[in-house]
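**Student:** I have a structure I would like to understand better, so I am pasting it below and will then ask my questions one at a time.
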Amino acid sequence: MKTTLQKITSFILSVILICFILPVRADASYEIPGTCQVQADTNAAYTVKTLDYSYDHNTYFSMRDIAVVLNGTEKSFSLEITKNAVSLNKGGAYMPVGGENSAWEHSENPDISLRRNEFKVDGQEVRYYTLIMTLPSGHYDCFIMASDLAMILDADITAPSAGALQIHTQTPFSISPADLEQEGYFYGVNSVLVGDATTGEFYYRYQSDTPYPIASTSKLMTCLLTMDAISAGQLSLEEMVTISEAAQVLSASDDGVVPLTAGEQITVQELLLGALLPSSNECALCLAEAIAGSEEAFVQMMNQKALEIGLSQATFFNCNGLPSYTQEPIPSKRQNRMSAEDMFRLVSYLLRVYPQVTDMTSLESATLQSLDLEVRNTNPLLHNLSEVTGLKTGTTNRSGACLVTSLSADDGNMGHNLVVVVLGTEDSIERGRVSELLAKYALQAFHAGIEETETGEVPQNLPTHAEAAVDRILRTARR
């Protein structure tokens, strides 16, 4: 059996950083057509059409072309594509519609928008961003990132040479964040952290000790203080909260999410669902006012709680993560800040003390009965990975797109909460992709650790530095 370090040898980074395998071209104004040679195992190579979206080498691949490549292999799939929907069924045989595996008929930029089209895999909804375009035959084709398709099919994809891609159908998808970091994949991200909240073990960290704006992931602290208030008997989930004028004003602003009217009432549970699922800023404000009387007093509680649980680099200015302005003649614009390590500590504490929070954060949608309103969870990974149990998205111009993900795992003796913290990606598309890659890695690292412990295998390349050696002993003991 392979150790963790030996197991993570498949360089999916060559797919994610696919720019190195395609010819250099001018900067894209919209989408630049191109081609790539794709081979499944040792079979013949096929021509696959590509589109570079907005940026040169930001490459998406034709699903119809790849479906032909994989026909007859263990990773074959059937495909149905309409104007704004994709249905992929793993194990099915693909029926060509004409035009597959040929070069583009013209070189003009097609100018297609990248969207989160309706996407189903084996009948289950998933969340991936794709480009759908009309073919000369009148049928539709869908273009997808190679890394996304590799995760969907659980297949390893590598780039053996320039202009070539190889799909290893008998090798499962795996990833090495350290290799991605070395190739610069995380340069567009503020920080990331992957770890086991149950044991405290870190699997991977990148700039994780530097505080950054955290946007609406701040609501995890608001949730924690609400759960504290419920535990202390100050509130109950069924208790009705009267909506304030301030909450109505926020609801009616550009930052409003859930329509609230001053004087009406809503339950604490509905406010929690509103804050955690669609990321309602006004629901968070209602909770703050119900607990502390005012948002200002609640913010003091947030900062005090941060100190109590050991968050050394956390600073809160409000309950929801929106930009906060001072009242000076020239106001300062401030945002809640925290390092990825502090966020990991916050989430670890929340999941340990109030594990029932995932009963809410794992919901794809919920109905707020008091408002007769259905709200949807903004976390895309709930649709893509069955192990995902939450937790929270967040976005502002300064923070970028953030996502804190929790996953359930079991070592045969007890359940574990794995956590992925991603702060400061360029947009929600990258936020989802980076988070899912690292979520896959979290599960991979967790199960590899179990495998190493059960087999009793002695890893190669043992650390010689004293601190690293002690760290390995502690991690082994925790397992």
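The values are calculated or read from the model by the stated rules, or taken from the named source; none is laboratory data. Being a predicted model, the structure only gives us computed values, none of them experimental. Neighbour counts are summed over all protein chains in view; Cβ atoms, including those assigned to glycine, are modelled from backbone coordinates with ideal geometry. Just the protein is used for accessible areas: all its heavy atoms, side chains included, with ligands, DNA and RNA removed. Shrake-Rupley method; radii C 1.70, N 1.55, O 1.52, S 1.80 Å.
**Student:** Tell me, what is the percent relative contact order of the chain, built from C-alpha pairs under 8 Å that lie six or more residues apart?
**Tutor:** 15 percent
**Student:** So, one more: What is the spin-label model distance, in nm, from V353 to L443 if the labels are put 7 Å beyond Cα along the C-beta direction?
**Tutor:** Rounded to a tenth, the inter-label distance reads 3.0 nm.
**Student:** To continue, here is another question. So which of K305/K392; K333/K440; K49/K120; K75/K219; K49/K90; K219/K333 end up more than 31 Å apart by C-alpha? Don't jump to the answer; show the numbers that get you there.
**Tutor:** Values: K305/K392 19 Å; K333/K440 36 Å; K49/K120 22 Å; K75/K219 41 Å; K49/K90 21 Å; K219/K333 19 Å.
Pairs exceeding 31 Å: K333/K440; K75/K219.
**Student:** Okay, moving on. Between A262 and T134, what FRET efficiency follows from the Cβ-Cβ distance if R0 is 51 Å, with the result rounded to 0.05?
**Tutor:** Working: r = 50 Å, r/R0 = 0.97.
Here the calculated transfer efficiency is 0.55.
**Student:** Pull out the extension gain between S386 and E364, defined as 0.36 nm times the separation in residues minus the alpha carbon to alpha carbon distance; nm, one decimal.
**Tutor:** Details: separation 22, 0.36 × 22 = 7.92 nm, distance 1.19 nm.
This chain segment gains 6.7 nm when fully extended.
**Student:** Of the peptides 250-258, 48-56, how do they stack up when ordered by the mean number of other Cβ atoms within 10 Å, highest first?
**Tutor:** Details: 250-258: 16.8, 48-56: 19.9.
Sorting 250-258, 48-56 by mean packing, highest first, produces 48-56, 250-258.
**Student:** Restricting to DSSP H runs of at least four residues, report the calculated mean residue ellipticity at 222 nm for the chain, -39500 (n - 2.57) per run over all residues, nearest 500 deg cm²/dmol.
**Tutor:** Values: 15 runs with 150 residues, N = 479.
So the helix-based figure for the chain works out to -9000 deg cm²/dmol.
**Student:** Continuing with this model, one more query. Starting from the Cα-Cα distance between E308 and D228, subtract it from 0.36 nm times their residue separation and give me the gain in nm to one decimal. It would help to have the intermediate numbers written out before the result.
**Tutor:** On the way: separation 80, 0.36 × 80 = 28.80 nm, distance 1.31 nm.
That pair, E308 and D228, stretches by 27.5 nm at full extension.
**Student:** If you take every residue apart from T130 with its C-beta less than 9 Å away from the C-beta of T130, what net charge results, scoring Lys and Arg +1 and Asp and Glu -1? If you can, show how the numbers build up before the last one.
**Tutor:** Values: positive: R115, R116; negative: D148.
Neighbour charge sum, excluding T130 itself: +1.
**Student:** Write out the GluC sites (Glu not before Pro) in the range 185-275 meeting two conditions: DSSP loop, and at most 11 other Cβ atoms within 10 Å of their Cβ.
**Tutor:** Details: sites: E201, E238, E239, E245, E264, E270; in loops: E238, E239, E264.
Sites meeting the loop and neighbour criteria: E238.
**Student:** Alpha carbon centre of the range 355-407 versus the range 161-210: separation in Å?
**Tutor:** Between the Cα centre of the range 355-407 and that of the range 161-210, the gap is 23 Å.
**Student:** When Lys and Arg each count +1 and Asp and Glu each count -1, what net charge do the other residues less than 15 Å away from V86, Cβ to Cβ, add up to?
**Tutor:** Working: positive: R64, K83, K90, R115, R116, K120, R127; negative: D65, E80, E118, D122, E125, D141, D148.
Spelling it out: positives minus negatives among the neighbours equals 0.
**Student:** Between the range 285-325 and the range 102-131, how many Å separate their Cα centres?
**Tutor:** 42 Å
**Student:** Evaluate the distance, in nm, between pseudo-label points positioned 7 Å from the Cα of N109 and of A44 along their respective Cα→Cβ axes.
**Tutor:** Roughly 3.6 nm, to one decimal.
**Student:** OK, next. At a 1.4 Å probe, what is the % contribution of carbon and sulfur to the accessible area of the chain? Intermediate results must be reported in sequence, preceding the final value.
**Tutor:** Working: 9860 of 20480 Å².
Roughly 48 percent of what the probe reaches on the chain is carbon or sulfur.
**Student:** If you stretched the chain out fully between T242 and D427, how much longer would it get, using 0.36 nm times the residue separation minus the C-alpha to C-alpha distance?
**Tutor:** 63.1 nm
**Student:** Another question about this same structure. Keeping every protein chain present and rolling a 1.4 Å probe, give me the accessible area per residue for the chain in Å². Don't skip to the end; give the middle numbers.
**Tutor:** Details: 20480 Å² over 479 residues.
I get 43 Å² per residue for the chain.
**Student:** Relative contact order of the range 201-272: what whole-number percent is it, with Cα pairs under 8 angstrom and at least 6 residues apart?
**Tutor:** Working: 53 pairs, mean separation 20.2, N = 72.
Computed value for the range 201-272: 28 percent relative contact order.
**Student:** Let me ask something else. For the chain, what are the DSSP H helices with axial Cα length of 24 Å or more and mean Kyte-Doolittle hydropathy of at least -0.5? Please list the in-between numbers first.
**Tutor:** Numbers: long enough: 428-455 (40 Å, -0.27).
Membrane-span-like by this rule: 428-455.
**Student:** What shape does the range 318-376 have by the C-alpha gyration tensor, where a ≥ b ≥ c are the square roots of the eigenvalues, rounded means a/c under 1.5, and otherwise prolate means a/b greater than b/c and oblate the rest? If you can, show how the numbers build up before the last one.
**Tutor:** Working: a/c = 3.57, a/b = 1.37, b/c = 2.60.
Verdict is oblate for the range 318-376.
**Student:** Taking 30 Å as R0, compute the FRET efficiency from the Cβ-Cβ separation of S78 and A162 and round it to 0.05. Mind showing how you got there, number by number?
**Tutor:** On the way: r = 32 Å, r/R0 = 1.05.
The calculated FRET efficiency here is 0.45.
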